[in-house]
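Enquirer: Provided herewith is a single structure, encoded as structure tokens, for subsequent inquiry.
The values are calculated or read from the model by the stated rules, or taken from the named source; none is laboratory data. These numbers come from a predicted model, not from an experiment. When we count neighbours, we look across all protein chains shown, and the Cβ atoms used for this are built from the backbone with ideal geometry, even at glycine. Surface areas here come from the heavy atoms of the whole protein model, side chains and all, with no ligands, DNA or RNA. Shrake-Rupley method; radii C 1.70, N 1.55, O 1.52, S 1.80 Å.
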Amino acid sequence: MASHRRYTRANGDALAGSLTYALLVGTAPAVLLVGSLAGRAGSDGSGVRRAVDGLAAGLLPAAAAPVTGRLPVVAPHWRPLLVVALGWAVVRMTRALRTGIRAMCGQNAGSGNPVRDAAQDVAGAAALCLAGALVAVVVTACGPALTVPALWALFSAILWLAPRRAPGRPRAAAFAGPALAAALACRLLALAAGPYLAATAELHGDLYHRAGPLIGLVVWGSLCARVLLRAASWAGATTHQTKGERS
């Protein structure tokens, strides 16, 4: 109950939505880049496609595995732009992740220095990519049997690295239990999602077949929301400053 109260007090659902949005934005360049590399490698039996198939079998619901066999192939001249877009998306995802975890720990999202925070986001994104790559190697080499231990290690690293070294940061010994519970829960969700996705695949295909403009509108709406919240912050800071000058 204490954990639930902390979660709701820190607006956990809204923060999880922000992380989901970051994942949505980062999916497109990641899929296109992997598809481009797979197309360059050649046949369906290429190393890239074998790695993607292994990861899909180990980490994703079973119904999502066939989708990895239909990766879109883009022209080589798009790859530099896709790399930049993917890098930006990973940094944004890292920021959303550390903001949510810090909020759960009762900490501020940033230090107040935007340059320092941006540098920390880039370093965190690099660490997240490295940790994700290690998990990918383990799952690809050893199969789904080691999915839970690999996720346990990944979640433990995230819970240890994301909070600031300030009051509210949990002790290192406190990460093991929650990280294991999260790994087990994510694995169970992947298993439970398989039948649902298989049963609704045709419906989702018809519903989201032309969802490109909708996703674009979601991105545009998110940017507009950020602008509005920035304006509210600016107005609030100006009002606070004016009251301080009058007093």
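Enquirer: Among the residues of segment 153-170, is there at least one that is among the hydrophobic types (A, V, I, L, M, F, W, C), touching a Leu at 6+ places or on another chain (Cβ under 6 Å) and in a helix (DSSP H, G or I)? Explain how you work it out, then say what you get.
Expert: From segment 153-170, those among the hydrophobic types (A, V, I, L, M, F, W, C) are 153-155, 157-162, 166; that's our starting set.
Subsequent filtering for residues that are touching a Leu at 6+ places or on another chain (Cβ under 6 Å) retains none.
Scanning segment 153-170, I find no residue that is among the hydrophobic types (A, V, I, L, M, F, W, C), touching a Leu at 6+ places or on another chain (Cβ under 6 Å) and in a helix (DSSP H, G or I), so the answer is no.
Enquirer: Suppose we keep only residues that are of a type in the set (Phe, Trp, Tyr) and modelled with pLDDT of 75 or more within segment 188-247. Which one would you say is most open to solvent (accessible area, probe 1.4 Å)? Break it down into steps so the answer makes sense when it comes.
Expert: Filtering segment 188-247 for residues of a type in the set (Phe, Trp, Tyr) gives 196, 208, 220, 234.
Filter again for modelled with pLDDT of 75 or more, leaving 196, 234.
Numbers: 196: 124, 234: 190 Å².
This residue is 234.
Enquirer: Considering every residue within segment 20-33, establish whether at least one is within 29 Å of residue 101 (Cα to Cα) and at pLDDT below 70.
Expert: no
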